[in-house]
Amino acid sequence: MTDRPQRDAANSMWGGRFAAGPDAIMEAINASIGFDRRLYAQDIRGSRAHAAMLAATGIISTNDAEAIREGLLTVLSEIETGDFPFRTDLEDIHMNVEARLKEIIGEPAGRLHTGRSRNDQVATDFRLWVRDQCDTTIDALTALIRAALAQAEAGADWVMPGFTHLQTAQPVTWGHHMMAYVEMFGRDLSRFRDARRRMNESPLGAAALAGTGYPIDREMTARDLGFDRPMANSLDAVSDRDFALEYLSAASICAVHLSRLAEELVIWSSAQFRFVSMSDKWSTGSSIMPQKRNPDAAELIRAKIGRILGATVALFTVMKGLPLAYSKDMQEDKEQVFDAADHLMLALAAMAGMLSDLTANRDRMEAAASAGFSTATDLADWLVRELGLPFRDAHHVTGSLVALAEGKGCDLPDLTLADMQAVHGGITEAVFGVLGVHNSVASRQSQGGTAPDQVRAQINRWKENLA
(Lines give C-alpha, C1' and ligand atoms only; values in the text may rest on other atoms or scores of the structure.)
Protein backbone atom coordinates (compact mmCIF):
# COMPACT_ATOMS: atom_id res chain seq x y z
CA MET A 1 0.00 0.00 0.00
CA THR A 2 1.09 3.59 -0.57
CA ASP A 3 1.63 5.96 2.32
CA ARG A 4 -1.19 8.47 2.73
CA PRO A 5 -0.20 11.90 4.09
CA GLN A 6 -2.05 12.95 7.23
CA ARG A 7 -0.22 15.89 8.77
CA ASP A 8 -2.84 16.56 11.43
CA ALA A 9 -2.52 13.02 12.71
CA ALA A 10 1.27 13.40 12.88
CA ASN A 11 0.96 16.67 14.78
CA SER A 12 -1.38 15.09 17.32
CA MET A 13 1.28 12.45 18.00
CA TRP A 14 3.79 15.19 18.80
CA GLY A 15 1.28 17.07 20.99
CA GLY A 16 0.05 20.65 21.09
CA ARG A 17 3.52 22.17 20.98
CA PHE A 18 3.58 22.01 17.16
CA ALA A 19 1.12 24.10 15.16
CA ALA A 20 2.22 23.23 11.63
CA GLY A 21 3.27 20.02 9.91
CA PRO A 22 6.85 19.41 8.74
CA ASP A 23 7.71 20.09 5.16
CA ALA A 24 8.53 17.23 2.83
CA ILE A 25 12.29 17.30 3.39
CA MET A 26 11.95 17.27 7.17
CA GLU A 27 9.45 14.45 6.91
CA ALA A 28 11.82 12.46 4.71
CA ILE A 29 14.88 12.89 6.94
CA ASN A 30 12.93 12.34 10.15
CA ALA A 31 11.00 9.21 9.17
CA SER A 32 12.42 5.78 9.90
CA ILE A 33 9.41 3.63 9.01
CA GLY A 34 11.10 2.62 5.75
CA PHE A 35 13.49 0.43 7.72
CA ASP A 36 12.36 0.17 11.34
CA ARG A 37 9.17 -1.60 10.28
CA ARG A 38 11.33 -4.70 10.65
CA LEU A 39 10.91 -4.26 14.40
CA TYR A 40 7.15 -4.75 14.26
CA ALA A 41 7.06 -8.11 16.04
CA GLN A 42 9.36 -6.89 18.81
CA ASP A 43 7.41 -3.62 19.12
CA ILE A 44 4.09 -5.39 19.49
CA ARG A 45 5.57 -7.93 21.91
CA GLY A 46 6.96 -5.14 24.08
CA SER A 47 3.68 -3.24 24.01
CA ARG A 48 1.71 -6.30 25.05
CA ALA A 49 4.06 -6.88 27.99
CA HIS A 50 3.84 -3.22 28.97
CA ALA A 51 0.03 -3.20 28.83
CA ALA A 52 -0.20 -6.38 30.93
CA MET A 53 2.07 -4.79 33.52
CA LEU A 54 0.04 -1.56 33.58
CA ALA A 55 -3.08 -3.59 34.35
CA ALA A 56 -1.35 -5.76 36.96
CA THR A 57 -0.16 -2.65 38.83
CA GLY A 58 -3.56 -0.94 38.59
CA ILE A 59 -2.31 1.88 36.38
CA ILE A 60 -4.89 1.02 33.69
CA SER A 61 -8.01 -1.14 33.90
CA THR A 62 -8.04 -4.80 32.97
CA ASN A 63 -10.71 -4.03 30.34
CA ASP A 64 -8.44 -1.48 28.68
CA ALA A 65 -5.50 -3.89 28.84
CA GLU A 66 -7.57 -6.63 27.22
CA ALA A 67 -8.70 -4.28 24.46
CA ILE A 68 -5.08 -3.27 23.86
CA ARG A 69 -3.97 -6.89 23.79
CA GLU A 70 -6.63 -7.89 21.24
CA GLY A 71 -6.01 -4.79 19.16
CA LEU A 72 -2.29 -5.42 19.02
CA LEU A 73 -2.91 -8.98 17.85
CA THR A 74 -5.05 -7.55 15.04
CA VAL A 75 -2.27 -5.14 14.09
CA LEU A 76 0.23 -8.01 14.11
CA SER A 77 -2.00 -10.04 11.82
CA GLU A 78 -2.42 -7.12 9.41
CA ILE A 79 1.34 -6.60 9.16
CA GLU A 80 2.06 -10.28 8.63
CA THR A 81 -0.57 -10.58 5.90
CA GLY A 82 0.58 -7.40 4.14
CA ASP A 83 -2.61 -5.46 4.86
CA PHE A 84 -1.15 -2.87 7.22
CA PRO A 85 -1.18 0.77 6.00
CA PHE A 86 2.35 1.94 6.83
CA ARG A 87 2.52 5.76 6.82
CA THR A 88 5.63 7.88 6.49
CA ASP A 89 3.98 10.84 8.19
CA LEU A 90 3.79 8.79 11.39
CA GLU A 91 7.60 8.56 11.39
CA ASP A 92 8.31 5.12 12.81
CA ILE A 93 6.99 1.67 13.63
CA HIS A 94 5.95 2.72 17.14
CA MET A 95 3.68 5.55 15.99
CA ASN A 96 2.33 3.48 13.10
CA VAL A 97 1.31 0.67 15.43
CA GLU A 98 -0.19 3.01 18.03
CA ALA A 99 -2.14 5.01 15.44
CA ARG A 100 -3.60 1.87 13.89
CA LEU A 101 -4.40 0.52 17.36
CA LYS A 102 -6.42 3.67 18.05
CA GLU A 103 -8.35 3.18 14.80
CA ILE A 104 -9.20 -0.37 15.91
CA ILE A 105 -10.01 0.03 19.64
CA GLY A 106 -10.45 3.76 20.16
CA GLU A 107 -9.72 5.53 23.45
CA PRO A 108 -7.98 2.67 25.33
CA ALA A 109 -5.13 2.87 22.81
CA GLY A 110 -4.16 6.23 24.28
CA ARG A 111 -3.41 4.58 27.62
CA LEU A 112 -0.82 2.18 26.22
CA HIS A 113 1.99 4.73 26.32
CA THR A 114 1.51 5.45 30.04
CA GLY A 115 4.79 5.13 31.94
CA ARG A 116 7.04 4.76 28.92
CA SER A 117 8.68 6.83 26.17
CA ARG A 118 9.64 6.12 22.61
CA ASN A 119 13.21 6.22 23.94
CA ASP A 120 12.87 3.11 26.11
CA GLN A 121 10.43 1.60 23.62
CA VAL A 122 12.88 1.67 20.71
CA ALA A 123 15.77 0.58 22.94
CA THR A 124 13.69 -2.43 23.99
CA ASP A 125 12.53 -3.26 20.47
CA PHE A 126 16.01 -3.04 19.02
CA ARG A 127 17.56 -5.05 21.85
CA LEU A 128 14.94 -7.76 21.36
CA TRP A 129 15.65 -7.82 17.61
CA VAL A 130 19.42 -8.09 18.05
CA ARG A 131 18.92 -10.78 20.71
CA ASP A 132 16.75 -12.73 18.28
CA GLN A 133 19.41 -12.28 15.62
CA CYS A 134 22.06 -13.68 17.95
CA ASP A 135 19.93 -16.80 18.36
CA THR A 136 19.54 -17.15 14.60
CA THR A 137 23.27 -16.64 14.06
CA ILE A 138 24.12 -19.23 16.72
CA ASP A 139 21.95 -21.77 14.90
CA ALA A 140 23.57 -20.94 11.55
CA LEU A 141 27.08 -21.21 12.98
CA THR A 142 26.22 -24.56 14.54
CA ALA A 143 25.10 -25.85 11.12
CA LEU A 144 28.33 -24.58 9.55
CA ILE A 145 30.47 -26.23 12.23
CA ARG A 146 28.67 -29.52 11.64
CA ALA A 147 29.41 -29.28 7.90
CA ALA A 148 33.10 -28.62 8.59
CA LEU A 149 33.19 -31.50 11.08
CA ALA A 150 31.81 -33.86 8.44
CA GLN A 151 34.61 -32.86 6.05
CA ALA A 152 37.20 -33.27 8.81
CA GLU A 153 35.95 -36.70 9.78
CA ALA A 154 35.96 -37.93 6.17
CA GLY A 155 39.54 -36.76 5.64
CA ALA A 156 41.11 -37.17 9.08
CA ASP A 157 44.08 -39.00 7.54
CA TRP A 158 44.13 -37.45 4.05
CA VAL A 159 47.47 -35.73 3.58
CA MET A 160 47.75 -32.26 2.06
CA PRO A 161 50.39 -29.54 2.09
CA GLY A 162 50.31 -27.06 4.92
CA PHE A 163 51.34 -23.55 3.90
CA THR A 164 53.03 -20.50 5.28
CA HIS A 165 53.29 -17.47 2.98
CA LEU A 166 51.27 -19.67 0.56
CA GLN A 167 54.46 -21.72 0.15
CA THR A 168 54.60 -25.43 1.00
CA ALA A 169 55.67 -25.74 4.64
CA GLN A 170 54.85 -29.11 6.25
CA PRO A 171 52.37 -31.89 5.51
CA VAL A 172 49.09 -31.71 7.41
CA THR A 173 45.82 -33.56 7.03
CA TRP A 174 42.64 -32.35 5.38
CA GLY A 175 40.87 -33.08 8.64
CA HIS A 176 43.32 -30.93 10.57
CA HIS A 177 42.83 -28.04 8.17
CA MET A 178 39.05 -28.26 8.46
CA MET A 179 39.29 -28.43 12.24
CA ALA A 180 41.18 -25.14 12.25
CA TYR A 181 38.02 -23.50 10.88
CA VAL A 182 35.85 -25.42 13.34
CA GLU A 183 37.86 -23.78 16.13
CA MET A 184 37.53 -20.34 14.53
CA PHE A 185 33.79 -20.67 14.04
CA GLY A 186 33.53 -22.13 17.53
CA ARG A 187 34.99 -18.92 18.95
CA ASP A 188 32.52 -16.96 16.84
CA LEU A 189 29.77 -19.06 18.38
CA SER A 190 30.99 -18.20 21.86
CA ARG A 191 31.19 -14.49 21.00
CA PHE A 192 27.53 -14.39 19.94
CA ARG A 193 26.53 -16.36 23.03
CA ASP A 194 28.47 -13.97 25.26
CA ALA A 195 27.01 -10.94 23.51
CA ARG A 196 23.50 -12.33 23.92
CA ARG A 197 24.05 -12.90 27.62
CA ARG A 198 25.28 -9.33 28.17
CA MET A 199 22.47 -7.71 26.18
CA ASN A 200 19.75 -9.67 27.95
CA GLU A 201 18.63 -6.83 30.20
CA SER A 202 15.44 -4.82 29.72
CA PRO A 203 15.44 -1.06 29.01
CA LEU A 204 11.63 -0.92 29.29
CA GLY A 205 10.52 1.36 32.09
CA ALA A 206 13.46 3.73 31.79
CA ALA A 207 11.00 6.08 29.99
CA ALA A 208 12.59 9.09 28.32
CA LEU A 209 15.77 9.06 30.45
CA ALA A 210 14.91 9.47 34.14
CA GLY A 211 12.45 6.66 34.84
CA THR A 212 8.79 7.32 35.64
CA GLY A 213 6.61 8.35 38.58
CA TYR A 214 4.07 5.62 37.87
CA PRO A 215 4.29 2.53 40.10
CA ILE A 216 5.43 0.27 37.27
CA ASP A 217 6.87 -3.23 37.73
CA ARG A 218 10.01 -3.47 35.60
CA GLU A 219 10.77 -6.95 36.86
CA MET A 220 7.46 -8.14 35.42
CA THR A 221 8.03 -6.72 31.94
CA ALA A 222 11.64 -7.94 31.92
CA ARG A 223 10.45 -11.44 32.81
CA ASP A 224 7.63 -11.39 30.23
CA LEU A 225 10.09 -10.42 27.50
CA GLY A 226 12.61 -13.10 28.42
CA PHE A 227 15.19 -10.71 29.86
CA ASP A 228 17.27 -11.70 32.86
CA ARG A 229 16.65 -8.42 34.66
CA PRO A 230 15.85 -4.73 34.08
CA MET A 231 18.76 -2.47 33.20
CA ALA A 232 20.08 -0.82 36.35
CA ASN A 233 20.33 2.78 35.14
CA SER A 234 17.64 4.60 33.16
CA LEU A 235 20.11 6.93 31.42
CA ASP A 236 22.22 4.02 30.26
CA ALA A 237 19.14 2.06 29.20
CA VAL A 238 18.04 4.58 26.59
CA SER A 239 21.36 6.03 25.49
CA ASP A 240 23.73 3.18 24.65
CA ARG A 241 23.83 0.82 21.73
CA ASP A 242 26.82 -1.23 22.81
CA PHE A 243 24.74 -4.39 22.40
CA ALA A 244 24.43 -3.62 18.68
CA LEU A 245 28.11 -2.70 18.47
CA GLU A 246 29.04 -5.97 20.13
CA TYR A 247 26.83 -7.90 17.72
CA LEU A 248 28.45 -6.12 14.76
CA SER A 249 31.94 -6.71 16.15
CA ALA A 250 31.26 -10.43 16.50
CA ALA A 251 29.72 -10.43 13.02
CA SER A 252 32.82 -8.75 11.57
CA ILE A 253 35.19 -11.29 13.10
CA CYS A 254 32.96 -14.12 11.88
CA ALA A 255 32.88 -12.60 8.39
CA VAL A 256 36.71 -12.46 8.39
CA HIS A 257 36.80 -16.20 9.14
CA LEU A 258 34.27 -16.84 6.39
CA SER A 259 36.31 -14.72 3.99
CA ARG A 260 39.52 -16.62 4.73
CA LEU A 261 37.87 -19.99 4.13
CA ALA A 262 36.22 -18.64 0.98
CA GLU A 263 39.60 -17.47 -0.30
CA GLU A 264 41.06 -20.94 0.24
CA LEU A 265 38.14 -22.52 -1.62
CA VAL A 266 38.75 -20.14 -4.51
CA ILE A 267 42.43 -21.09 -4.61
CA TRP A 268 41.89 -24.82 -4.05
CA SER A 269 39.27 -25.10 -6.79
CA SER A 270 41.56 -23.52 -9.41
CA ALA A 271 43.11 -25.60 -12.19
CA GLN A 272 46.53 -24.98 -10.68
CA PHE A 273 45.60 -26.58 -7.34
CA ARG A 274 42.61 -28.87 -7.99
CA PHE A 275 42.40 -29.74 -4.29
CA VAL A 276 38.60 -29.45 -4.24
CA SER A 277 35.63 -29.47 -6.58
CA MET A 278 32.52 -27.44 -5.83
CA SER A 279 29.16 -28.68 -6.98
CA ASP A 280 27.13 -26.99 -9.70
CA LYS A 281 24.94 -25.47 -6.97
CA TRP A 282 27.76 -23.16 -5.92
CA SER A 283 29.52 -22.53 -9.24
CA THR A 284 28.76 -20.56 -12.39
CA GLY A 285 30.01 -20.64 -15.96
CA SER A 286 31.36 -18.05 -18.34
CA SER A 287 29.41 -16.34 -21.09
CA ILE A 288 32.36 -16.75 -23.48
CA MET A 289 34.69 -19.46 -22.10
CA PRO A 290 32.90 -22.82 -22.02
CA GLN A 291 35.56 -24.51 -19.89
CA LYS A 292 35.13 -22.11 -16.95
CA ARG A 293 33.72 -23.16 -13.59
CA ASN A 294 33.73 -20.07 -11.42
CA PRO A 295 33.51 -20.24 -7.59
CA ASP A 296 31.18 -17.25 -7.47
CA ALA A 297 29.50 -18.15 -4.16
CA ALA A 298 32.88 -18.31 -2.43
CA GLU A 299 33.95 -15.01 -3.99
CA LEU A 300 30.76 -13.30 -2.83
CA ILE A 301 31.21 -14.62 0.70
CA ARG A 302 34.77 -13.30 0.58
CA ALA A 303 33.38 -9.84 -0.21
CA LYS A 304 30.73 -9.74 2.54
CA ILE A 305 33.25 -8.62 5.14
CA GLY A 306 33.34 -5.25 3.35
CA ARG A 307 29.66 -4.61 4.01
CA ILE A 308 29.68 -6.01 7.53
CA LEU A 309 32.83 -4.23 8.68
CA GLY A 310 31.53 -1.06 7.02
CA ALA A 311 28.35 -1.30 9.09
CA THR A 312 30.44 -1.77 12.24
CA VAL A 313 32.56 1.29 11.54
CA ALA A 314 29.46 3.31 10.66
CA LEU A 315 27.71 2.62 13.96
CA PHE A 316 30.87 3.20 16.00
CA THR A 317 31.15 6.56 14.23
CA VAL A 318 27.53 7.46 14.98
CA MET A 319 27.87 6.66 18.67
CA LYS A 320 31.36 7.95 19.42
CA GLY A 321 30.53 11.56 20.38
CA LEU A 322 26.97 11.45 21.67
CA PRO A 323 26.26 12.99 25.08
CA LEU A 324 23.74 11.24 27.33
CA ALA A 325 20.94 10.49 26.89
CA TYR A 326 19.04 10.00 23.61
CA SER A 327 19.88 11.92 20.43
CA LYS A 328 18.21 11.57 17.04
CA ASP A 329 21.55 10.43 15.63
CA MET A 330 20.71 7.05 17.12
CA GLN A 331 18.00 6.57 14.53
CA GLU A 332 20.96 5.73 12.27
CA ASP A 333 21.72 2.62 14.32
CA LYS A 334 19.37 0.15 12.66
CA GLU A 335 19.99 0.08 8.92
CA GLN A 336 23.64 -0.90 9.41
CA VAL A 337 22.72 -3.71 11.79
CA PHE A 338 19.90 -4.97 9.56
CA ASP A 339 22.15 -5.00 6.50
CA ALA A 340 25.05 -6.69 8.29
CA ALA A 341 22.76 -9.33 9.80
CA ASP A 342 21.17 -10.13 6.44
CA HIS A 343 24.50 -10.59 4.71
CA LEU A 344 26.10 -12.54 7.55
CA MET A 345 23.20 -15.00 7.57
CA LEU A 346 23.42 -15.37 3.79
CA ALA A 347 27.17 -15.99 3.95
CA LEU A 348 26.84 -18.54 6.77
CA ALA A 349 24.14 -20.47 4.94
CA ALA A 350 26.09 -20.43 1.66
CA MET A 351 29.31 -21.60 3.31
CA ALA A 352 27.53 -24.43 5.11
CA GLY A 353 26.00 -25.46 1.78
CA MET A 354 29.33 -25.35 -0.04
CA LEU A 355 31.12 -27.41 2.59
CA SER A 356 28.33 -29.98 2.61
CA ASP A 357 28.61 -30.43 -1.17
CA LEU A 358 32.38 -30.04 -1.42
CA THR A 359 34.49 -32.90 -2.84
CA ALA A 360 38.12 -32.98 -1.72
CA ASN A 361 40.59 -34.51 -4.20
CA ARG A 362 42.59 -36.82 -1.92
CA ASP A 363 45.09 -37.99 -4.54
CA ARG A 364 45.84 -34.49 -5.79
CA MET A 365 46.36 -33.15 -2.26
CA GLU A 366 48.69 -36.00 -1.35
CA ALA A 367 50.74 -35.49 -4.51
CA ALA A 368 51.09 -31.79 -3.68
CA ALA A 369 52.01 -32.60 -0.08
CA SER A 370 54.84 -34.85 -1.30
CA ALA A 371 56.41 -32.05 -3.34
CA GLY A 372 58.22 -28.91 -2.29
CA PHE A 373 60.49 -30.51 0.33
CA SER A 374 57.61 -30.55 2.83
CA THR A 375 59.38 -33.08 5.07
CA ALA A 376 62.52 -30.97 5.53
CA THR A 377 61.55 -30.15 9.11
CA ASP A 378 61.08 -33.86 9.82
CA LEU A 379 64.62 -34.47 8.56
CA ALA A 380 66.02 -31.70 10.79
CA ASP A 381 64.14 -33.12 13.78
CA TRP A 382 65.52 -36.60 13.03
CA LEU A 383 69.08 -35.24 12.98
CA VAL A 384 68.49 -33.66 16.38
CA ARG A 385 66.74 -36.67 17.87
CA GLU A 386 68.91 -39.49 16.45
CA LEU A 387 72.33 -37.88 15.94
CA GLY A 388 72.23 -35.37 18.79
CA LEU A 389 72.96 -32.36 16.57
CA PRO A 390 72.03 -28.91 17.88
CA PHE A 391 68.94 -27.78 15.99
CA ARG A 392 70.77 -24.93 14.25
CA ASP A 393 73.36 -27.40 12.92
CA ALA A 394 70.60 -29.80 11.87
CA HIS A 395 68.88 -26.90 10.13
CA HIS A 396 72.08 -26.18 8.18
CA VAL A 397 72.58 -29.83 7.19
CA THR A 398 68.96 -30.10 6.06
CA GLY A 399 69.27 -26.91 4.02
CA SER A 400 72.31 -28.39 2.27
CA LEU A 401 70.37 -31.56 1.49
CA VAL A 402 67.45 -29.53 0.13
CA ALA A 403 69.86 -27.64 -2.14
CA LEU A 404 71.34 -30.97 -3.28
CA ALA A 405 67.90 -32.40 -4.08
CA GLU A 406 66.94 -29.21 -5.84
CA GLY A 407 70.03 -29.45 -8.00
CA LYS A 408 69.22 -33.05 -8.86
CA GLY A 409 65.62 -32.17 -9.67
CA CYS A 410 64.21 -34.55 -7.06
CA ASP A 411 62.63 -34.45 -3.59
CA LEU A 412 64.34 -35.38 -0.31
CA PRO A 413 63.07 -39.01 -0.18
CA ASP A 414 64.55 -39.54 -3.66
CA LEU A 415 68.13 -38.80 -2.54
CA THR A 416 70.31 -41.87 -1.99
CA LEU A 417 71.86 -42.65 1.35
CA ALA A 418 75.26 -41.95 -0.23
CA ASP A 419 74.01 -38.50 -1.30
CA MET A 420 72.97 -37.77 2.26
CA GLN A 421 76.13 -39.13 3.85
CA ALA A 422 78.16 -36.90 1.58
CA VAL A 423 76.63 -33.99 3.45
CA HIS A 424 76.75 -35.61 6.91
CA GLY A 425 78.40 -38.95 7.47
CA GLY A 426 76.28 -39.88 10.48
CA ILE A 427 73.02 -40.23 8.51
CA THR A 428 71.75 -43.82 8.36
CA GLU A 429 69.11 -45.73 6.42
CA ALA A 430 66.64 -45.04 9.26
CA VAL A 431 66.25 -41.46 8.01
CA PHE A 432 63.94 -42.63 5.22
CA GLY A 433 61.37 -43.63 7.84
CA VAL A 434 60.61 -39.98 8.57
CA LEU A 435 60.68 -38.57 5.05
CA GLY A 436 57.32 -39.81 3.77
CA VAL A 437 54.37 -37.44 4.20
CA HIS A 438 52.26 -40.05 6.01
CA ASN A 439 55.10 -40.68 8.45
CA SER A 440 55.40 -36.94 8.92
CA VAL A 441 51.76 -36.32 9.85
CA ALA A 442 51.59 -39.45 12.00
CA SER A 443 54.53 -38.18 14.07
CA ARG A 444 52.79 -34.90 14.99
CA GLN A 445 51.20 -36.36 18.11
CA SER A 446 51.43 -33.26 20.30
CA GLN A 447 48.08 -32.04 21.59
CA GLY A 448 46.31 -30.20 18.80
CA GLY A 449 48.70 -31.60 16.19
CA THR A 450 47.90 -32.90 12.73
CA ALA A 451 48.31 -36.63 13.49
CA PRO A 452 45.09 -38.42 12.48
CA ASP A 453 44.56 -39.65 16.06
CA GLN A 454 44.76 -36.10 17.33
CA VAL A 455 42.38 -34.88 14.61
CA ARG A 456 39.83 -37.57 15.50
CA ALA A 457 40.10 -36.62 19.16
CA GLN A 458 39.35 -33.00 18.24
CA ILE A 459 36.37 -34.09 16.14
CA ASN A 460 34.95 -36.20 18.98
CA ARG A 461 35.34 -33.34 21.44
CA TRP A 462 33.39 -31.03 19.16
CA LYS A 463 30.68 -33.60 18.56
CA GLU A 464 30.22 -33.89 22.31
CA ASN A 465 30.14 -30.11 22.69
CA LEU A 466 27.46 -29.72 20.03
CA ALA A 467 25.43 -32.62 21.38
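The values are calculated or read from the model by the stated rules, or taken from the named source; none is laboratory data. Quantities reported herein were computed from a predicted structural model and do not represent experimental measurements. When we count neighbours, we look across all protein chains shown, and the Cβ atoms used for this are built from the backbone with ideal geometry, even at glycine. Each accessible area value is taken on the protein alone, full model and side chains, heavy atoms only, with ligands, DNA and RNA left out. Shrake-Rupley method; radii C 1.70, N 1.55, O 1.52, S 1.80 Å.
Observations on the model:
- Scope the stretch 387-437; condition open to solvent by 50 Å² or more (accessible area, probe 1.4 Å) and within 15 Å of residue 371 (Cβ to Cβ); matching residues: 406, 408, 409, 413, 414
- Residue 325 passes every criterion in (1) part of a helix (DSSP H, G or I); (2) in the same structural domain as residue 141 (by the TED database) apart from (1).
- Within the stretch 51-72, not a single residue is closer than 28 Å to residue 336 by Cβ and either of a type in the set (A, V, I, L, M) or in a loop (DSSP other than H, G, I, E, B) (or both).
- Residue among 398, 428, 416 that is out of contact with any helix residue (DSSP H, G or I) (no Cβ under 8 Å at 6 or more places or on another chain), over 23 Å from residue 157 (Cα atoms), outside the structural domain of residue 149 (by the TED database) and of a type in the set (Ser, Thr, Tyr): 416
- Only a single criterion out of (1) under 38 Å from the mean Cα position of the chain (by Cα); (2) at pLDDT below 80; (3) charged (D, E, K, R); (4) in a helix (DSSP H, G or I) is not satisfied by residue 8, namely (1).
- Residue pairs meeting the criteria (Cβ under 9 Å; at least 6 apart or on separate chains; first surrounded by fewer than 20 Cβ atoms within 10 Å (Cβ to Cβ), in the stretch 110-129; second basic (Lys, Arg) and assigned to a helix (DSSP H, G or I)): 110/102
- Residue within the stretch 219-227 that is in contact with a Pro (Cβ under 6 Å, 6 or more places away or on another chain) and either in a helix (DSSP H, G or I) or in the same structural domain as residue 307 (by the TED database) (or both) present: yes
- Lone unmet requirement of (1) open to solvent by 60 Å² or more (accessible area, probe 1.4 Å); (2) part of a helix (DSSP H, G or I) for residue 215: (2)
- Restricting attention to the stretch 124-149, the residues being of a type in the set (Ser, Thr, Tyr) and closer than 17 Å to residue 230 by Cα number 1.
- One residue stands out among those in the stretch 39-59 that are under 26 Å from the mean Cα position of the chain (by Cα) and hydrophobic (A, V, I, L, M, F, W, C): the one that is surrounded by the most Cβ atoms within 10 Å (Cβ to Cβ), which is 39.
- Figure legend. Inter-residue proximity from the stretch 236-248: first residues assigned to a helix (DSSP H, G or I), second residues open to solvent by 50 Å² or more (accessible area, probe 1.4 Å), beta-carbon distance below 6 Å, spacing 6+ or different chains. Indicated pairs: 238/209; 238/326; 239/324; 239/326.
- Of all residues in the stretch 22-38 being open to solvent by 30 Å² or more (accessible area, probe 1.4 Å) and among the charged types (D, E, K, R), the one that is farthest from the chain's Cα centre (by Cα): 23
- Scanning the stretch 346-376 for residues that are farther than 30 Å from residue 435 by Cβ, aliphatic (A, V, I, L, M) and open to solvent by 40 Å² or more (accessible area, probe 1.4 Å) yields 346, 349.
- Verdict on residue 443 being open to solvent by 40 Å² or more (accessible area, probe 1.4 Å), of a type in the set (Gly, Ala, Ser) and either touching a Pro at 6+ places or on another chain (Cβ under 6 Å) or outside the structural domain of residue 152 (by the TED database) (or both): yes
Residue-wise test of (1) assigned to a loop (DSSP other than H, G, I, E, B); (2) more than 25 Å from residue 273 (Cβ to Cβ).
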site	(1), (2)
373	yes, no
377	no, no
400	no, yes
403	no, yes
432	no, yes
435	yes, no
453	no, yes
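- Within the option set 263, 299, being modelled with pLDDT of 95 or more and not aliphatic (A, V, I, L, M) holds for one residue only, 263.
- Complete set of residues in the stretch 198-212 that are open to solvent by 30 Å² or more (accessible area, probe 1.4 Å) and either over 20 Å from residue 330 (Cβ atoms) or within 27 Å of the chain's Cα centre (by Cα) (or both): 198, 201, 212
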